[in-house]
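Read the structure below first, then the notes.
The values are calculated or read from the model by the stated rules, or taken from the named source; none is laboratory data. Everything quoted here is computed from the prediction, not taken from an experiment. Please note: Cβ atoms are built from the backbone with ideal geometry, for glycine as well, and neighbour counts cover all protein chains shown.
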Amino acid sequence: MGLQFAVDSWAALAPGLSTQQQWLDWFRQPQPLAREFAADLAWVPAALRRRVSPLGRAALNVLAACQPTGQCPAVFVSRYGDLEAVAGLLAQLHQEGGVSPMGFSLAVHNAAMGIYSIARNDRTTTTSLAANQDLAEAACCEALGWLAAGEPQVLVVCCADPVPAPYQPTAGAEPFRHAWACRLRAVQSGGFSLSVVDGEPAAGEAIGFPGLRALSLLAGARRSELRSETGRYLWRRHD
């Protein structure tokens with residue numbers, strides 16, 4: 001079954017959804033959402049805040065909402081990262097033969113976590129992952145490794161943006177910006193577990209976004225078991 005863990009805190013943002021109750025209601029009856037929104041980052045100094053992409057703002061917002069009093073390792077995962085910034089850099093490279101160093105530094109996959117560390121003056125370890133499938137599972141496996149190594153708590157943040165032009169959305173691409181975070185700690189009993197299994201992913205899911213399905217279980221809005229996007233992982237809640 002693997003290491004069991006509890007969720008001490010969670011937060012999520014999407015267009016029109018910010019409170020936990022709004023999310024729990026949406027999980028029970030998902031509705032179409034707008035594509036984009038702008039998250040507030042009043043706690044980040046203005047000089048840094050201007051450099052954060054809209055997706056990064058969402059990620060930092062939910063991370064801050066789950067941050068404990070002390071320092072805590074964090075794991076960031078996104079399928080494409082800030083793909084809109086990357087697309088702009090590629091267009092600039094094609095047109096001008098080079099790219100802006102500042103633009104490049106803010107388009108790398110760990111840019112949001114770097115700004116998070118600078119804004120908090122926090123040198124605690126952060127990890128940034130890219131995963132084409134099973135995003136929440138990849139982040140949670142990394143976090144469970146930290147817990148198994150003795151860390152008392154670990155933050156996980158999972159975020160996604162709509163695929164911008166000139167790219168065509170792929171199967172499973174998220175149609176709206178969203179980010180969620182949770183703070184995990186190891187427990188001896190109860191809580192949740194994440195196991196590697198054989199099988200096919202569940203069909204007919206009402207929530208069509210794999211990372212958000214995982215959050216719906218961790219937030220307590222759905223049944224006690226959930227297969228991952230690929231069917232290779234199984235989430236369980238142990239009451």
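Condition first: free of Cβ contacts under 8 Å to residues at least 60 places away in the same chain and of a type in the set (A, V, I, L, M, F, W, C). Now tell me which residues in region 18-38 satisfy that.
Answer for region 18-38, where residues must be free of Cβ contacts under 8 Å to residues at least 60 places away in the same chain and of a type in the set (A, V, I, L, M, F, W, C): Trp26, Ala38.
When both residues are 6+ apart or on different chains and their Cβ atoms are under 6 Å apart, which pairs have a first residue that lies in region 204-220 and is more than 19 Å from Ala11 (Cβ to Cβ), and a second that is crowded, with 19+ Cβ neighbours inside 10 Å and modelled with pLDDT under 75?
none
Answer yes or no: is there a residue in region 191-210 that is within 30 Å of Gly88 (Cβ to Cβ), buried (at least 23 other Cβ atoms within 10 Å of the Cβ), modelled with pLDDT of 80 or more and not polar (S, T, N, Q). Don't jump to the end; show me each part of the working.
Of all residues in region 191-210, those within 30 Å of Gly88 (Cβ to Cβ) come to 208-210.
Next cut, buried (at least 23 other Cβ atoms within 10 Å of the Cβ) only: 210.
Right, trim to modelled with pLDDT of 80 or more and you get none.
No - not one qualifying residue is present in region 191-210.
Look at region 36-51 and say how many of its residues are under 28 Å from Val7 (Cα atoms) and not β-branched (Val, Ile, Thr).
To start, the set of residues in region 36-51 that are under 28 Å from Val7 (Cα atoms) comprises 36-44.
Narrowing further to those that are not β-branched (Val, Ile, Thr): 36-43.
Residues meeting the conditions: 8.
Could you tell me which residue of region 92-150 is farthest from Gln67 (Cα to Cα), considering only residues that are at pLDDT below 90 and of a type in the set (Asp, Glu)?
Glu96
Return the residues of region 41-57 that are aliphatic (A, V, I, L, M), under 10 Å from Ile115 (Cβ atoms) and either modelled with pLDDT under 80 or in a helix (DSSP H, G or I) (or both); say none if nothing qualifies.
Within region 41-57, just Leu48 meets the criteria.
A quick yes/no check of all residues on (1) buried (at least 18 other Cβ atoms within 10 Å of the Cβ); (2) within 25 Å of Glu137 (Cβ to Cβ):
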position: Gln4; (1), (2): yes, yes
position: Gly16; (1), (2): no, no
position: Gln21; (1), (2): no, no
position: Ala34; (1), (2): no, no
position: Leu63; (1), (2): yes, yes
position: Pro68; (1), (2): no, yes
position: Leu83; (1), (2): yes, yes
position: Ala91; (1), (2): no, no
position: Gly98; (1), (2): no, no
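Conditions (1) touching a Leu at 6+ places or on another chain (Cβ under 6 Å); (2) under 19 Å from Trp10 (Cα atoms); (3) outside any helix (DSSP H, G or I), marked per residue:
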position: Ala59; (1), (2), (3): no, yes, no
position: Gln71; (1), (2), (3): no, yes, yes
position: Glu84; (1), (2), (3): no, no, no
position: Arg123; (1), (2), (3): no, no, yes
position: Thr127; (1), (2), (3): no, yes, yes
